[in-house]
Structure formats: structure tokens, C-alpha cells
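Novice: Starting off with a structure, shown below.
Please treat every number below as a calculation from the coordinates, not as lab data. Since the model is a prediction, treat every value here as computed from it, not as a measurement. Cβ: placed from backbone, ideal geometry, glycine included. Neighbour counts: every protein chain shown.
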């Protein structure tokens, strides 16, 4: 099973029925599989804070949801994570491409990469970092943990994990 | 008519409906006038009432009304294409358009100038957009509720506010009673 198939099958196995995405080159494959999945309603969002709002609504409507986004978008969603997801205590798995790490060809991506973990740490968001392909084996447990604790949880996935892009 | 007059007139029609209400004075006014477990008050996060409302509507069967403002829709403009392309026929977006940022001191918005939110919503692909005078909002809302068709209502009203206390209810309580009532109504 490919990494992308494994990710989506874990989402489905954890009853995640709605996924909102803002694309990243690294995430193109997993987004294609989300779009093709019969078990997931896929909503492309125009901005990540909008996507998190949709996820919050879906949770209140009784459906589990997740967001797939790029790490640069942490600069967009701080207020939403704090005043919506955390303030109202809602679960939110965030599958995040970790641009700006080893193998990155675009210098500007490094500028947000150096702030990524610091921001997540400041927001007290439990954070996991997938660097090797086998790290994906933890995804199922991370999803269960997210819905157990009703918090946003970040899964950073770097270029080494995606085998370049 | 100002926003609180519109809300007051709407209450007999929307009191038992599931409502996601915009941050600041709209939520505070609704809370003061008619606090219900079916009301979800946004205490933060300007702009996301329509996104949260869409999410609730897509996830279950009951009708959902998002009460938004012109300033908040302008803040989250990307919401209109998303709503247009993910049709939820149990979703009504009521934009109370008073042409100003009411909660922050009535600073004018572009919706009160050249920009027509109804025209923008149509251009984004929303198929059922109704712009109405404040005085006609109750009738338009009744029709939308009877219609089983996703509807965007742009209610043009005057700028102005009434004094209202802030909401001190715990956010988790607000969220939990909304979810519990919604789950029960879905059976």
C-alpha cells in the first residue's frame, strides 16, 4: 500500500467523513485519493481558516473531519485554532506538509519552516513529525489520540517522508 | 430598522431553528433577545459563521441558519465560492448587511459603498440569492425555510447598535448544548 493510500485508509478507518484541503505539491497525491474516496466528502477550501471553520461545523453536526494543508498556512490559522478549535474544545487532525526542510528547492519555504515547530509549541498543539516512510504507521494512533483529547493535533510531513516531490 | 430590530422580528420564525451566529454584537443581541440551546454563539474568529454553518449543514439533516454580517463576509470572501460549489439544501446564509462593522464602532464597509454582496454571491455561483429590505426579512426567511433549497439572503438594514452585555457562558457549554440538541433532533 502506498503512503497516500495508507493515510486515507487510516482516515476512513477512524470514521473521518469530511476532509477539507488547501493544496501543496507534496500533498497532491493524498488529495487525489481523498477526492476519489467514496467514504470521504472532500471540500477544497480557499483558505485554511475557512477550512477549519467547516471542520468545526462538521464536528458539531456529528461528523469527524480533518484538514490537509501546508505549514506556511500556520501563519493564517493561529486565531482560528485558538479562538475556535481550542476555545470550544474540538478535535482536529491537521495533516501538514512540512515545506522548507531537507531537500527543499525554494528558499522562501525555509522562512516559515524555521517557525513551524515554534508556533505549534507556542499554541500547545501536540505535534508529530513524519520523516521516514515507516513513521506513517503511527497515524492511526495519532488520530485516535486526537478524538480522545478533543484538541487540534499536527502531523508534519517533510520532503524525506514524501521521498522528494 | 437596525440589526437588533431585524433579529427581534425574526425570532418567532427562527427560535427553534439551529443558528450559527456571527461574533460580537449579533451573537450578544441574539443571546439577550432569545437564548436557545439551538443557538451557537461565536465568541471569536471573525468571518467564519458561514463556514461553520456550512459544515453543520453538510454533516446532518436539520436546517441550519448562519447569521452573518457584511463585514464578516468581506473578511472571509472565499466562503461564497465554497458554499456555491458544495450545495447544502438545508443551509440558509442570512447576511445582515448594514454597511458597517457594527461591533467595532460602525466603521463603513465596502458593502455599504460600491460592492453588492448579492451580486458577488451570484457571481460565485450561488443559485438562490435574495436581496431584501430589512422590513421584508421575516417573509423572505419564511419562504427560505419552506423552500428546501440553499438560500443566501442579503438583508439591507441601517447601521446602529443597542447596548448589550457580553456573553459569559462557557464556550464548551454553548457548543455541547447545541450538539446535544442537534443530535436529538436528528434522531
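Novice: As an exercise, find the ratio Rg/Rh for the stretch A:3-158 from alpha-carbon atoms, using the Kirkwood inverse-distance average for Rh.
Specialist: On the Cα set of the stretch A:3-158, Rg over Rh gives 0.92.
Novice: Taking every DSSP beta bridge that has both residues in the protein assembly as shown, what percent is antiparallel when rounded to the nearest 5?
Specialist: On the way: 2 of 51 bridges.
About 5 percent, rounded to the nearest 5.
Novice: Ok, one more. For peptide B:58-69, what's the mean number of Cβ atoms from other chains within 10 Å of each residue's Cβ?
Specialist: Per residue, the average neighbour count from other chains is 3.
Novice: Oh, and also: Specify the residue with the greatest mean-square fluctuation among A:60, A:69, A:90, computed from a Gaussian network of chain A linking alpha-carbon atoms under 10 Å apart.
Specialist: The residue with the greatest mean-square fluctuation here is A:60.
Novice: Once Rh for the stretch B:120-185 is found with the Kirkwood sum over Cα pairs, what is the Stokes-Einstein diffusion coefficient at 37 °C and 0.692 mPa s, in µm²/s?
Specialist: Values: Rh = 15.2 Å.
Here the translational diffusion coefficient equals 216 µm²/s.
Novice: Here is a further query. Report, in whole Å, the centroid distance computed from the Cα atoms of the stretch A:29-51 and the stretch B:102-148.
Specialist: 28 Å
Novice: With N set to the residue count of the protein assembly as shown, report its C-alpha Rg divided by 2.2 N^0.38 Å to two decimal places.
Specialist: Here the Cα radius of gyration is 1.00 times the empirical estimate.
Novice: Over the alpha-carbon set of the stretch B:3-186, work out the extent along each principal axis and list the three values in angstrom, largest first.
Specialist: 43, 36, 28
Novice: Antiparallel versus total DSSP beta bridges in the stretch B:3-186: what percent is that, nearest 5?
Specialist: 10 percent
Novice: Pick from B:39, B:86, B:161: which residue has the top mean-square fluctuation in a GNM of chain B where Cα pairs under 10 Å get a spring?
Specialist: B:86
Novice: Taking 51 Å as R0, compute the FRET efficiency from the Cβ-Cβ separation of residue B:119 and residue A:163 and round it to 0.05.
Specialist: Efficiency at R0 = 51 Å is approximately 0.60.
Novice: Averaged across A:41-53, how many Cβ atoms of other chains sit within 10 Å of each residue's Cβ atom?
Specialist: Whole-number average of other-chain Cβ neighbours for A:41-53 is 6.
Novice: Compare A:122, A:70, A:86 in a GNM of chain A, Cα atoms joined below 10 Å, and give the one with the largest fluctuation.
Specialist: Fluctuation is largest for A:122.
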